[in-house]
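Beneath this line is the structure, given in structure tokens, with notes to follow.
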Amino acid sequence: MSRRPLAPDTPHSLSDLADGARRWPVLDGIPYLRTGREEVVERALAALDDGRVADAAAVLLADNDDWWDQPPPPADELAAAYAAAADPGTTLRDAAAALGLGRVGDYFLHRDHDPSGLAVTALVATHPPAGRPVVDLACGAGHLLRRLVAEPGECAGVTGIDIVFAKLWLARRFVLPTDAAVRLVCADLRSSWPVTDDGDAWVSCHDTLYFLDDPADVLRRAADLAGPRGAVLAAHCHNADHPLGAAGHPRRPEEWAAMLPGAATYAEEELTAAALAARPAGPAVGKDLDGTEAVALALDRAAAPPQESLLRPAPGARLHPNPLYRDGAREWPNARWGAEYGERAAAYLPERLPELDHDLDHDEAVRRRVLVDLPGRW
């Protein structure tokens, strides 16, 4: 992708208007700007130009990242899944299953209340946007963006970028509020980023850097984008010295810290504990990171104070029993989820769904994520 500005050339595509030689498809307001996918771009544009929107959706929804090891569902099933999203009765669970997302779908369904998701919550509350523009790199299905846009005055513009179109589509159709002013873009962090330098930005990138061959490059560019009073946050960077850090390309804690000079470092376990206690997190001291599963980094050049309200449900949120309880019993969504998160999640989720005001008061039920704020179409 060139660095020249893109503008609409049709209602469903963008083009470099300098020569019109390169076009990119746009579906449900989400531009597909992923490089190295020329065939995907051509097939999606051909379908959109012919008015075959569902066929274009099938092409884009089938595309995944290089780590995914499962084949996509047949094109007719993906087209049907796209059409079904127009039915208000279709849920996030239905859509994730129809897209063939498997264990990744389970991860998104429970992202807000798994231990790593809680760690992100605490890191963000400890180093909040504080009114700055938000750029969430590898934003997935938009869970963090959903919480930030619900907090009054927290963001001055919100952009989410991810390499997988299907995740952004789930964010747009099922996770984010329908009136949320969030710009979603499908792009590869290893290529140029489709963002402009509009001032001091708050840039986040969670659960992703250990997948990349050159995470230092992403952090360097994020620091440049942040500007002199911006911030860069990166949670869940796998520790190569921990048994659960084997996935992807893990590094040792000091290697992660060296990629973002001046950043505070946090142990994931401390971040999760801070979220459950509804308090700001404490940075790592001495050998605190030696045994952590994952490292988090936070560089805030404006030193914004913690925003503890981000540790609680959004204002006016309707709370539901945690969906990890089925028929009153705690049950992990799959064996892999249980192996990665189960031991730590069991520390705050009782084995049986407690009876409120008898076994557990309301405030504690909220803190321990027995009661949670779910997207409206969960």
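Nonpolar atom fraction for the range 312-371, defined as the carbon and sulfur part of the 1.4 Å probe accessible area, stands at 44 percent. Close amide H contacts of L27 (hydrogens built in the peptide plane, cut-off under 5 Å, sequence separation of 5 or more or a different chain): Y32. Across the protein chains, with a 1.4 Å probe defining accessible surface, the residues D76, D16 rank D76, D16 from largest area downward.
When the chain is treated as a GNM with alpha-carbon contacts under 10 Å, the residue of H358, H236, H12 showing the greatest mean-square fluctuation is H358. The distance from the alpha carbon centre of the range 50-85 to that of the range 199-223 is 28 Å, rounded to a whole number. With protein chains left intact and a 1.4 Å probe, residues in the range 1-85 average 51 Å² of accessible area per residue. Taking D198, D361, D87 in turn, the Gaussian network model of the chain (Cα-Cα springs below 10 Å) assigns the largest fluctuation to D87. Relative to one another, the C-alpha centroids of the range 92-159 and the range 267-333 are positioned 13 Å apart. Which of rounded, prolate, oblate describes the range 1-148, given a ≥ b ≥ c as roots of the alpha-carbon gyration tensor eigenvalues and a/c under 1.5 marking rounded, otherwise prolate only if a/b is larger than b/c? The shape class here is oblate. The residues of the range 226-378 expose, per residue, 48 Å² of accessible area to a 1.4 Å probe.
Amide H contacts under 5 Å for G199: none, restricted to partners 5 or more places along the chain or on a different chain, H placed in the peptide plane at 1.01 Å from N. If you model the range 60-108 as an ellipsoid using its alpha carbon gyration tensor, with each semi-axis the square root of five times an eigenvalue, the axes come out at 19, 13, 7 Å, biggest first.
The values are calculated or read from the model by the stated rules, or taken from the named source; none is laboratory data. Just so you know, these numbers come straight off a predicted model, no measurement behind them. All accessible areas refer to the heavy atoms of the entire protein, side chains included, with ligands and DNA or RNA removed. Shrake-Rupley method; radii C 1.70, N 1.55, O 1.52, S 1.80 Å.
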